[in-house]
Amino acid sequence: MSAALAIDGVAVQRGGRLVVEEASLGLAHGECVVLAGESGSGKTSLLRVIGGLDRPARGTIRIGGAVVDDAAATFIRPESRGLGMVFQDFALWPHLSVLENVAVVIRDRAGRDRKALALLDRFGVASCAGRLPATLSGGQQQRVGLARALAAAPRLLMLDEPFSSLDVETRETLRTELRALIVESGLSALCISHDPADIARLADRVAVLEDRRLTACTTPDAMFARPATPYAARLAGLCGGVRVPARGEGSDAAIALGGAQLAIPGGAARLAGAAQALLFWPRGALSLAAEGVPATCIGAHFEAGHWQALLRLDGLAAPVPVQCAAPPPRGAVALRVAADRLHLFPFSG
(Lines give C-alpha, C1' and ligand atoms only; values in the text may rest on other atoms or scores of the structure.)
Protein backbone atom coordinates (compact mmCIF):
# COMPACT_ATOMS: atom_id res chain seq x y z
CA MET A 1 0.00 0.00 0.00
CA SER A 2 1.30 3.48 -0.86
CA ALA A 3 2.15 5.93 1.93
CA ALA A 4 -0.37 8.55 3.00
CA LEU A 5 2.39 11.13 2.45
CA ALA A 6 5.88 10.85 0.99
CA ILE A 7 8.26 13.76 0.51
CA ASP A 8 11.57 13.06 -1.17
CA GLY A 9 14.50 15.49 -1.29
CA VAL A 10 12.29 18.55 -0.82
CA ALA A 11 13.96 21.95 -0.51
CA VAL A 12 12.05 25.13 0.27
CA GLN A 13 13.09 28.71 -0.44
CA ARG A 14 11.64 31.83 1.10
CA GLY A 15 12.68 35.28 -0.09
CA GLY A 16 15.56 33.76 -2.04
CA ARG A 17 16.88 32.02 1.09
CA LEU A 18 16.90 28.25 1.55
CA VAL A 19 14.83 27.48 4.68
CA VAL A 20 14.50 23.67 4.27
CA GLU A 21 17.16 21.44 2.69
CA GLU A 22 16.67 17.95 1.21
CA ALA A 23 13.81 16.88 3.49
CA SER A 24 12.55 13.31 3.10
CA LEU A 25 9.73 11.87 5.17
CA GLY A 26 7.08 9.16 4.86
CA LEU A 27 3.76 9.00 6.68
CA ALA A 28 1.87 5.69 6.86
CA HIS A 29 -1.90 5.38 6.69
CA GLY A 30 -3.42 5.86 10.15
CA GLU A 31 -0.22 7.37 11.53
CA CYS A 32 0.26 10.71 13.28
CA VAL A 33 3.67 12.32 12.87
CA VAL A 34 4.56 15.44 14.82
CA LEU A 35 7.02 17.66 12.93
CA ALA A 36 8.90 19.51 15.64
CA GLY A 37 11.33 22.39 15.48
CA GLU A 38 12.09 25.71 17.08
CA SER A 39 10.50 28.92 15.82
CA GLY A 40 11.93 29.82 12.42
CA SER A 41 13.19 26.28 11.73
CA GLY A 42 11.10 25.94 8.55
CA LYS A 43 8.24 23.78 9.87
CA THR A 44 5.43 25.93 8.51
CA SER A 45 7.29 26.50 5.23
CA LEU A 46 7.46 22.73 4.73
CA LEU A 47 3.78 22.35 5.63
CA ARG A 48 2.83 25.02 3.07
CA VAL A 49 4.52 23.21 0.18
CA ILE A 50 2.92 19.90 1.21
CA GLY A 51 -0.43 21.69 1.22
CA GLY A 52 0.17 23.32 -2.16
CA LEU A 53 0.16 26.86 -0.80
CA ASP A 54 3.78 27.29 -1.99
CA ARG A 55 6.03 25.41 -4.43
CA PRO A 56 9.22 23.59 -3.43
CA ALA A 57 12.52 24.62 -5.00
CA ARG A 58 13.21 20.94 -5.73
CA GLY A 59 12.07 17.49 -4.69
CA THR A 60 8.87 15.45 -5.01
CA ILE A 61 5.72 15.30 -2.88
CA ARG A 62 3.30 12.36 -3.08
CA ILE A 63 -0.06 12.05 -1.33
CA GLY A 64 -1.66 8.62 -1.37
CA GLY A 65 0.95 7.51 -3.90
CA ALA A 66 0.12 10.24 -6.44
CA VAL A 67 2.64 12.95 -7.29
CA VAL A 68 1.15 16.33 -6.37
CA ASP A 69 4.31 18.43 -6.89
CA ASP A 70 7.66 17.64 -8.47
CA ALA A 71 8.99 21.23 -8.41
CA ALA A 72 8.60 21.29 -12.19
CA ALA A 73 5.65 20.53 -14.47
CA THR A 74 3.46 18.58 -12.06
CA PHE A 75 1.40 20.65 -9.64
CA ILE A 76 -1.94 19.65 -8.13
CA ARG A 77 -3.87 22.55 -6.65
CA PRO A 78 -4.47 22.55 -2.86
CA GLU A 79 -8.21 21.91 -3.14
CA SER A 80 -7.56 18.78 -5.21
CA ARG A 81 -5.05 17.15 -2.84
CA GLY A 82 -7.59 15.65 -0.43
CA LEU A 83 -6.30 17.57 2.58
CA GLY A 84 -7.90 18.84 5.75
CA MET A 85 -6.04 21.77 7.32
CA VAL A 86 -6.23 23.20 10.85
CA PHE A 87 -4.47 26.47 11.58
CA GLN A 88 -3.07 28.12 14.69
CA ASP A 89 -5.28 31.20 14.23
CA PHE A 90 -8.44 29.11 13.51
CA ALA A 91 -8.94 30.73 10.01
CA LEU A 92 -12.74 30.54 10.15
CA TRP A 93 -14.77 32.68 7.76
CA PRO A 94 -16.00 35.52 9.99
CA HIS A 95 -19.13 36.32 7.97
CA LEU A 96 -20.44 32.73 8.00
CA SER A 97 -22.16 30.98 10.87
CA VAL A 98 -20.48 28.04 12.56
CA LEU A 99 -22.73 25.63 10.64
CA GLU A 100 -22.00 27.37 7.34
CA ASN A 101 -18.23 27.28 8.00
CA VAL A 102 -18.39 23.49 8.14
CA ALA A 103 -21.11 22.85 5.55
CA VAL A 104 -19.44 24.89 2.83
CA VAL A 105 -16.63 22.36 2.36
CA ILE A 106 -18.92 19.32 2.09
CA ARG A 107 -19.07 18.38 -1.59
CA ASP A 108 -22.32 16.43 -1.51
CA ARG A 109 -25.16 18.96 -1.31
CA ALA A 110 -27.68 16.35 -0.18
CA GLY A 111 -27.93 16.47 3.60
CA ARG A 112 -25.04 18.93 3.83
CA ASP A 113 -26.33 20.75 6.92
CA ARG A 114 -27.18 17.47 8.64
CA LYS A 115 -23.64 16.14 8.07
CA ALA A 116 -22.09 19.43 9.23
CA LEU A 117 -24.21 19.41 12.38
CA ALA A 118 -23.16 15.83 13.13
CA LEU A 119 -19.49 16.84 12.95
CA LEU A 120 -20.09 19.85 15.19
CA ASP A 121 -21.84 17.55 17.64
CA ARG A 122 -18.84 15.20 17.60
CA PHE A 123 -16.67 18.07 18.83
CA GLY A 124 -19.23 19.36 21.31
CA VAL A 125 -20.13 22.62 19.55
CA ALA A 126 -23.45 21.77 17.87
CA SER A 127 -25.18 24.26 20.18
CA CYS A 128 -23.10 27.04 18.56
CA ALA A 129 -24.23 26.21 15.01
CA GLY A 130 -26.06 29.48 14.44
CA ARG A 131 -23.43 31.77 15.95
CA LEU A 132 -20.65 33.72 14.25
CA PRO A 133 -17.03 32.68 14.98
CA ALA A 134 -16.24 35.97 16.75
CA THR A 135 -18.72 35.08 19.51
CA LEU A 136 -16.93 31.80 20.36
CA SER A 137 -14.06 31.11 22.73
CA GLY A 138 -10.70 30.03 21.32
CA GLY A 139 -11.35 26.40 22.23
CA GLN A 140 -14.77 26.47 20.56
CA GLN A 141 -13.30 28.03 17.41
CA GLN A 142 -10.62 25.35 17.16
CA ARG A 143 -13.24 22.63 17.59
CA VAL A 144 -15.11 24.19 14.66
CA GLY A 145 -11.82 24.25 12.73
CA LEU A 146 -11.33 20.52 13.35
CA ALA A 147 -14.91 19.78 12.29
CA ARG A 148 -14.41 21.77 9.09
CA ALA A 149 -11.12 19.98 8.33
CA LEU A 150 -12.89 16.62 8.59
CA ALA A 151 -15.96 17.71 6.64
CA ALA A 152 -14.19 17.25 3.32
CA ALA A 153 -13.31 13.61 4.19
CA PRO A 154 -9.55 14.25 3.80
CA ARG A 155 -6.92 11.67 2.97
CA LEU A 156 -4.48 13.57 5.17
CA LEU A 157 -5.06 15.95 8.10
CA MET A 158 -2.46 18.71 8.52
CA LEU A 159 -2.31 20.84 11.66
CA ASP A 160 -0.13 23.94 12.14
CA GLU A 161 0.45 24.41 15.90
CA PRO A 162 -3.29 23.99 16.50
CA PHE A 163 -3.19 24.35 20.29
CA SER A 164 -0.60 27.08 20.84
CA SER A 165 -3.11 29.91 21.31
CA LEU A 166 -5.37 27.98 23.70
CA ASP A 167 -5.36 27.82 27.50
CA VAL A 168 -3.76 24.81 29.20
CA GLU A 169 -6.99 22.97 30.08
CA THR A 170 -8.43 23.37 26.58
CA ARG A 171 -5.18 22.17 25.02
CA GLU A 172 -5.24 18.98 27.09
CA THR A 173 -8.88 18.26 26.25
CA LEU A 174 -8.44 18.84 22.52
CA ARG A 175 -5.26 16.75 22.37
CA THR A 176 -7.15 13.85 23.91
CA GLU A 177 -10.09 14.28 21.53
CA LEU A 178 -7.83 14.56 18.48
CA ARG A 179 -5.78 11.49 19.40
CA ALA A 180 -8.97 9.47 19.88
CA LEU A 181 -10.23 10.66 16.49
CA ILE A 182 -7.01 9.65 14.71
CA VAL A 183 -6.93 6.19 16.33
CA GLU A 184 -10.63 5.42 15.87
CA SER A 185 -10.95 6.71 12.31
CA GLY A 186 -7.60 5.54 10.94
CA LEU A 187 -6.91 9.08 9.76
CA SER A 188 -3.35 10.07 8.81
CA ALA A 189 -2.13 13.32 10.35
CA LEU A 190 0.90 15.61 10.21
CA CYS A 191 1.06 18.05 13.12
CA ILE A 192 3.48 20.98 13.32
CA SER A 193 4.53 21.80 16.88
CA HIS A 194 7.36 22.74 19.22
CA ASP A 195 5.45 21.66 22.34
CA PRO A 196 6.71 18.43 24.01
CA ALA A 197 3.14 17.78 25.22
CA ASP A 198 1.93 17.45 21.61
CA ILE A 199 4.59 14.80 21.02
CA ALA A 200 3.66 12.91 24.18
CA ARG A 201 -0.10 12.96 23.53
CA LEU A 202 -0.33 12.75 19.72
CA ALA A 203 2.74 11.31 18.03
CA ASP A 204 3.28 7.82 16.71
CA ARG A 205 6.57 9.23 15.44
CA VAL A 206 8.31 12.57 15.74
CA ALA A 207 10.38 14.22 13.00
CA VAL A 208 12.79 16.94 14.13
CA LEU A 209 13.68 19.88 11.89
CA GLU A 210 16.90 21.66 12.88
CA ASP A 211 19.23 23.91 10.94
CA ARG A 212 17.03 23.49 7.84
CA ARG A 213 17.34 19.69 7.89
CA LEU A 214 15.36 16.78 9.27
CA THR A 215 17.77 15.43 11.89
CA ALA A 216 15.63 12.58 13.24
CA CYS A 217 12.41 10.68 12.65
CA THR A 218 11.66 8.15 15.34
CA THR A 219 9.16 7.10 17.98
CA PRO A 220 8.82 9.23 21.14
CA ASP A 221 10.18 6.44 23.35
CA ALA A 222 13.19 5.90 21.09
CA MET A 223 13.93 9.63 21.11
CA PHE A 224 13.76 9.60 24.91
CA ALA A 225 16.13 6.62 25.11
CA ARG A 226 18.69 8.03 22.65
CA PRO A 227 18.11 11.63 21.51
CA ALA A 228 20.14 12.68 18.49
CA THR A 229 20.63 16.35 19.47
CA PRO A 230 20.23 18.61 22.52
CA TYR A 231 16.98 19.96 21.07
CA ALA A 232 15.64 16.41 20.69
CA ALA A 233 16.63 15.71 24.31
CA ARG A 234 14.58 18.67 25.50
CA LEU A 235 11.62 17.65 23.33
CA ALA A 236 11.76 14.13 24.75
CA GLY A 237 11.42 15.50 28.28
CA LEU A 238 14.94 14.89 29.53
CA CYS A 239 16.30 17.15 32.26
CA GLY A 240 19.43 19.24 32.13
CA GLY A 241 21.23 20.98 29.33
CA VAL A 242 23.99 21.71 31.83
CA ARG A 243 27.44 22.52 30.42
CA VAL A 244 30.27 20.45 31.93
CA PRO A 245 34.00 19.93 31.26
CA ALA A 246 34.55 16.66 29.40
CA ARG A 247 37.20 14.56 27.72
CA GLY A 248 37.47 11.19 26.01
CA GLU A 249 39.13 8.27 27.79
CA GLY A 250 39.27 5.38 25.36
CA SER A 251 35.70 4.57 24.38
CA ASP A 252 34.31 6.29 27.48
CA ALA A 253 33.92 9.96 28.36
CA ALA A 254 34.95 11.57 31.63
CA ILE A 255 33.08 14.62 32.94
CA ALA A 256 33.74 16.91 35.87
CA LEU A 257 30.63 17.32 37.99
CA GLY A 258 30.83 19.28 41.23
CA GLY A 259 34.47 18.47 41.77
CA ALA A 260 33.97 14.75 41.09
CA GLN A 261 35.10 12.85 38.00
CA LEU A 262 32.46 10.60 36.44
CA ALA A 263 32.95 8.05 33.64
CA ILE A 264 30.21 7.86 30.97
CA PRO A 265 30.28 4.41 29.33
CA GLY A 266 30.67 4.69 25.55
CA GLY A 267 30.50 8.50 25.73
CA ALA A 268 33.70 9.33 23.79
CA ALA A 269 32.02 8.94 20.39
CA ARG A 270 29.34 11.45 21.38
CA LEU A 271 31.94 14.04 22.42
CA ALA A 272 33.62 14.16 19.00
CA GLY A 273 36.77 15.60 20.61
CA ALA A 274 35.02 18.52 22.36
CA ALA A 275 36.40 19.76 25.69
CA GLN A 276 32.93 20.69 26.95
CA ALA A 277 29.58 18.93 26.74
CA LEU A 278 25.92 19.52 27.36
CA LEU A 279 24.66 17.02 29.90
CA PHE A 280 21.09 15.63 29.95
CA TRP A 281 19.46 12.95 32.07
CA PRO A 282 16.08 11.29 32.65
CA ARG A 283 14.25 11.84 35.92
CA GLY A 284 15.71 9.61 38.62
CA ALA A 285 19.22 9.46 37.15
CA LEU A 286 20.26 12.14 39.65
CA SER A 287 19.02 11.72 43.22
CA LEU A 288 19.85 12.88 46.73
CA ALA A 289 21.74 10.37 48.86
CA ALA A 290 23.77 10.01 52.05
CA GLU A 291 26.99 9.94 50.02
CA GLY A 292 27.91 11.15 46.55
CA VAL A 293 28.87 14.28 44.64
CA PRO A 294 28.95 17.27 47.03
CA ALA A 295 26.35 19.95 46.27
CA THR A 296 24.44 22.80 47.90
CA CYS A 297 20.64 22.92 47.92
CA ILE A 298 19.49 26.50 47.29
CA GLY A 299 15.75 25.78 47.29
CA ALA A 300 12.96 23.50 46.14
CA HIS A 301 9.49 23.73 44.60
CA PHE A 302 6.55 21.39 44.12
CA GLU A 303 5.72 20.45 40.52
CA ALA A 304 3.33 17.88 39.04
CA GLY A 305 3.27 15.55 42.03
CA HIS A 306 6.91 15.70 43.13
CA TRP A 307 9.46 18.02 44.69
CA GLN A 308 12.18 19.57 42.57
CA ALA A 309 15.36 20.63 44.36
CA LEU A 310 17.77 23.18 42.87
CA LEU A 311 21.39 22.34 43.53
CA ARG A 312 24.61 24.31 43.10
CA LEU A 313 27.66 22.27 42.13
CA ASP A 314 31.22 23.53 42.03
CA GLY A 315 32.34 24.49 38.55
CA LEU A 316 28.85 24.70 37.03
CA ALA A 317 27.30 28.06 36.18
CA ALA A 318 23.68 26.90 36.16
CA PRO A 319 21.79 25.23 39.03
CA VAL A 320 20.94 21.55 38.60
CA PRO A 321 17.30 20.42 39.08
CA VAL A 322 16.85 17.12 40.91
CA GLN A 323 13.57 15.32 41.61
CA CYS A 324 13.12 14.21 45.21
CA ALA A 325 10.43 12.71 47.44
CA ALA A 326 10.43 15.57 49.96
CA PRO A 327 11.93 19.07 50.05
CA PRO A 328 15.51 18.81 51.34
CA PRO A 329 16.90 21.33 53.81
CA ARG A 330 18.94 24.12 52.33
CA GLY A 331 22.67 23.69 52.54
CA ALA A 332 25.12 20.85 51.96
CA VAL A 333 23.74 17.68 50.33
CA ALA A 334 25.14 14.71 48.39
CA LEU A 335 24.13 13.72 44.87
CA ARG A 336 24.02 10.16 43.55
CA VAL A 337 24.55 9.96 39.77
CA ALA A 338 23.63 7.00 37.54
CA ALA A 339 26.36 7.64 34.98
CA ASP A 340 25.09 5.01 32.54
CA ARG A 341 21.82 6.96 32.14
CA LEU A 342 23.44 10.28 31.19
CA HIS A 343 23.45 11.77 27.69
CA LEU A 344 26.31 13.93 26.35
CA PHE A 345 26.44 16.29 23.39
CA PRO A 346 29.54 18.22 22.28
CA PHE A 347 29.51 21.93 23.04
CA SER A 348 31.72 24.35 21.13
CA GLY A 349 30.04 27.72 21.76
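The values are calculated or read from the model by the stated rules, or taken from the named source; none is laboratory data. None of these values were measured; they are calculated from a predicted model. Backbone-built Cβ (ideal geometry, glycine too); neighbour counts: all protein chains shown.
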Inset, instruction - Kindly check whether there is at least one residue in segment 198-208 that is out of contact with any helix residue (DSSP H, G or I) (no Cβ under 9 Å at 6 or more places or on another chain), among the small types (Gly, Ala, Ser) and either at positive phi or outside the structural domain of SER39 (by TED's automatic domain parsing) (or both). - result: no
Inset, instruction - Identify, by number, the condition in (1) under 25 Å from the mean Cα position of the chain (by Cα); (2) surrounded by 14 or more Cβ atoms within 10 Å (Cβ to Cβ); (3) small (Gly, Ala, Ser); (4) not in a helix (DSSP H, G or I) that SER45 doesn't meet. - result: (4)
Inset, instruction - Would you point out the residue of segment 248-268, among those that are more than 32 Å from the chain's Cα centre (by Cα) and part of a loop (DSSP other than H, G, I, E, B), that is nearest to PRO321 (Cα to Cα)? - result: GLY258
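Of all residues in segment 1-42, count the ones that are in a strand (DSSP E or B) and at positive phi.
Restricting attention to segment 1-42, the residues satisfying the condition of being in a strand (DSSP E or B) are 5-14, 17-27, 32-36.
Filter once more, keeping what is at positive phi: 9, 22.
Residues in segment 1-42 being in a strand (DSSP E or B) and at positive phi: 2 in total.
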Inset, instruction - Please specify each residue of segment 87-103 satisfying the condition of being more than 31 Å from the chain's Cα centre (by Cα), aliphatic (A, V, I, L, M) and farther than 15 Å from ALA118 by Cβ. - result: LEU96
Inset, instruction - Considering every residue within segment 99-118, establish whether at least one is more than 27 Å from LYS43 (Cβ to Cβ) and touching a Gly at 6+ places or on another chain (Cβ under 7 Å). - result: yes
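If the requirement is being surrounded by 18 or more Cβ atoms within 10 Å (Cβ to Cβ) and within 26 Å of the chain's Cα centre (by Cα), which of these qualifies: ALA309, ALA277? Steps first, answer last, please.
Numbers: ALA309 fails: within 26 Å of the chain's Cα centre (by Cα).
Within the list ALA309, ALA277, the selection yields ALA277.
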Legend entry - Selected residue (only one of ARG81, ARG77 is within 18 Å of ALA152 (Cβ to Cβ), of a type outside the set (Ser, Thr, Tyr) and loosely packed, with under 14 Cβ neighbours inside 10 Å): ARG77
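Got at least one residue in segment 144-159 being basic (Lys, Arg), surrounded by fewer than 20 Cβ atoms within 10 Å (Cβ to Cβ), assigned to a helix (DSSP H, G or I) and assigned by TED's automatic domain parsing to the domain that holds ALA189?
Going residue by residue through segment 144-159, those that are basic (Lys, Arg) are 148, 155.
So of that shortlist, the ones also surrounded by fewer than 20 Cβ atoms within 10 Å (Cβ to Cβ) come out as 155.
Now narrow it down to the ones that are assigned to a helix (DSSP H, G or I): none.
There is no residue in segment 144-159 that is basic (Lys, Arg), surrounded by fewer than 20 Cβ atoms within 10 Å (Cβ to Cβ), assigned to a helix (DSSP H, G or I) and assigned by TED's automatic domain parsing to the domain that holds ALA189.
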Legend entry - Selection from segment 46-65 of residues that are without any contact (Cβ under 8 Å) to a residue 60 or more places away in the chain and aliphatic (A, V, I, L, M): VAL49, LEU53, ALA57, ILE61
Legend entry - Which numbered condition LEU316 misses (of (1) under 15 Å from ALA256 (Cα atoms); (2) touching a residue at least 60 places away in the same chain (Cβ under 8 Å); (3) part of a strand (DSSP E or B)): (3)
Inset, instruction - Could you please find all residues in segment 124-138 being surrounded by fewer than 19 Cβ atoms within 10 Å (Cβ to Cβ) and either of a type outside the set (A, V, I, L, M, F, W, C) or closer than 17 Å to GLU177 by Cβ (or both)? - result: GLY124, ALA126, SER127, GLY130, ARG131, THR135, LEU136, SER137, GLY138
